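The values are calculated or read from the model by the stated rules, or taken from the named source; none is laboratory data. Just so it is clear, the structure is predicted and the values come from calculations on it, not from any experiment. Cβ sites come from the backbone with ideal geometry, for glycine too, and all protein chains shown count toward neighbours. Areas reflect the complete protein model, heavy atoms only, side chains present, ligands, DNA and RNA absent. Shrake-Rupley method; radii C 1.70, N 1.55, O 1.52, S 1.80 Å.
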Amino acid sequence: MISIKEYIAPKSIEEAYNLLVSNKGCTLIGGGAFLRMGAKSISLAIDLSKAGLSYVEEKEETFEIGAMTTFGDIERHKGLNKVFNNLLARSVGDIVGVQLRNLVTVGGTVYSRYGFSDPITALLVLETDVKLYKQGIIPLRDFLIKGSKERDILEAIIIKKTGRIASFQSMRNSKGDYAILNLALSMKDGSYSIAVGARPNRGILATKTMDFLKGKELSKEVLTEATDIIAEEIIFGSNTRGSEAYRRQICKVLLKRALEEVKGYDNKSED
Ligand SMILES: Cc1cc2nc3c(=O)[nH]c(=O)nc-3n(C[C@H](O)[C@H](O)[C@H](O)COP(=O)(O)OP(=O)(O)OC[C@H]3O[C@@H](n4cnc5c(N)ncnc54)[C@H](O)[C@@H]3O)c2cc1C
């Protein structure tokens, strides 16, 4: 159980940031779902729910998704549903149940860089930037590797509308459990972006597999070779959900499914 000594819900991100940097023992609260599972003693809880960060803004070239947007909001957003073959909604759709997804936030997920995260894997195969209140805009790929240099607040994520076709695949024992492995893939003009997460470590790009696939026809032989390359290049680990060897085999299957799916979309778009 967590305990909270003092609670504030600031009306702006500026106010929240000033509180954050002026008090070492304070904690930001997004949806609060993950924090609640721990046993933290919080001297000052800064609840971001009133700071105007719950929005999805569709612009001409981008989607900007505010940090307090929930997974449920993403699933139901008509504009997001129309792009990347509904990749984002698909990446969160198997997480526990509707009630939890209506609580957990984009900001709490991305800033914390959880290894088990499903949406982070999906965001990695898109051109995604992270907008931090103090440090500004950083590519998600860099943020995932380096993290935040100082205490900061994730304000939004920004996704470029690139017209990529995409697929999300995951393997889990049940809806209430974390994925044993997840994989996202996007493609445009024969150029692929592939990410693997819940390895169980943080999501990473499969760069050798991406290079191999570039410009290739997806024949049976190419698919087989690509699955061998990805199984070789990605570092997997073992935990209670699955062994390293099991994850390696699952990864091959997930990549094959994703490639077959985008191949189907690509064929349709040429009709
Ligand atoms: C039972 C359960 C099962 C889950 N299963 C899955 C799963 O299968 N797949 C999956 O991908 N995810 C899963 N999640 C995780 C969930 O998707 C969220 O990633 C997680 O709950 C964090 O979101 P939150 O809004 O609850 O964050 P909180 O619990 O509010 O915060 C988490 C951390 O992020 C910090 N934080 C919050 N917002 C910000 C911000 N804007 N800027 C900076 N720091 C911030 C907080 O201070 C805290 O340290 C699960 C969560 C739960 C509770």
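For S54, are the conditions met, namely being away from the ligand (no atom under 13 Å from the Cβ) and among the small types (G, A, S)? When the stated conditions are applied, S54 does not pass them. When residues in segment 65-96 are screened for being assigned to a loop (DSSP other than H, G, I, E, B), modelled with pLDDT of 95 or more and more than 14 Å from the chain's Cα centre (by Cα), 3 of them pass. The sole residue among E217, E221 that is assigned to a helix (DSSP H, G or I), more than 21 Å from L123 (Cα to Cα) and without any contact (Cβ under 8 Å) to a residue 12 or more places away in the chain is E221. Would you be able to say whether some residue in segment 250-265 is more than 25 Å from G147 (Cα to Cα) and within 16 Å of the ligand (Cβ to nearest atom)? The answer is yes, given that some residue of segment 250-265 is more than 25 Å from G147 (Cα to Cα) and within 16 Å of the ligand (Cβ to nearest atom). Within segment 95-107, the residues that satisfy the criterion of being near the ligand (Cβ under 7 Å from one of its atoms) and either open to solvent by less than 30 Å² (accessible area, probe 1.4 Å) or over 15 Å from R36 (Cβ atoms) (or both) are I95, V104, T105, G107.
Counting the residues of segment 176-221 that are surrounded by 15 or more Cβ atoms within 10 Å (Cβ to Cβ), more than 19 Å from E232 (Cα to Cα) and more than 12 Å from the ligand (Cβ to nearest atom) gives 3. Going by the structure shown, is Y133 within 9 Å of the ligand (Cβ to nearest atom), more than 17 Å from the chain's Cα centre (by Cα) and open to solvent by 50 Å² or more (accessible area, probe 1.4 Å)? So Y133 passes the test. Residues in segment 139-150 include at least one that is open to solvent by 10 Å² or more (accessible area, probe 1.4 Å), outside any loop (DSSP other than H, G, I, E, B) and under 26 Å from S12 (Cα atoms). For segment 92-105, check the following and say yes or no: at least one residue is touching a strand residue (DSSP E or B) at 6+ places or on another chain (Cβ under 9 Å), of a type outside the set (F, W, Y) and closer than 15 Å to K146 by Cα. Checking segment 92-105: not a single residue is touching a strand residue (DSSP E or B) at 6+ places or on another chain (Cβ under 9 Å), of a type outside the set (F, W, Y) and closer than 15 Å to K146 by Cα. Check whether at least one residue in segment 167-174 is of a type in the set (F, W, Y) and open to solvent by 40 Å² or more (accessible area, probe 1.4 Å), and report yes or no. There is no residue in segment 167-174 that is of a type in the set (F, W, Y) and open to solvent by 40 Å² or more (accessible area, probe 1.4 Å). Condition (residue is within 11 Å of the ligand (Cβ to nearest atom), within 16 Å of the chain's Cα centre (by Cα) and either part of a loop (DSSP other than H, G, I, E, B) or among the charged types (D, E, K, R) (or both)) applied to segment 156-175: is it met by at least one residue? There is no residue in segment 156-175 that is within 11 Å of the ligand (Cβ to nearest atom), within 16 Å of the chain's Cα centre (by Cα) and either part of a loop (DSSP other than H, G, I, E, B) or among the charged types (D, E, K, R) (or both).
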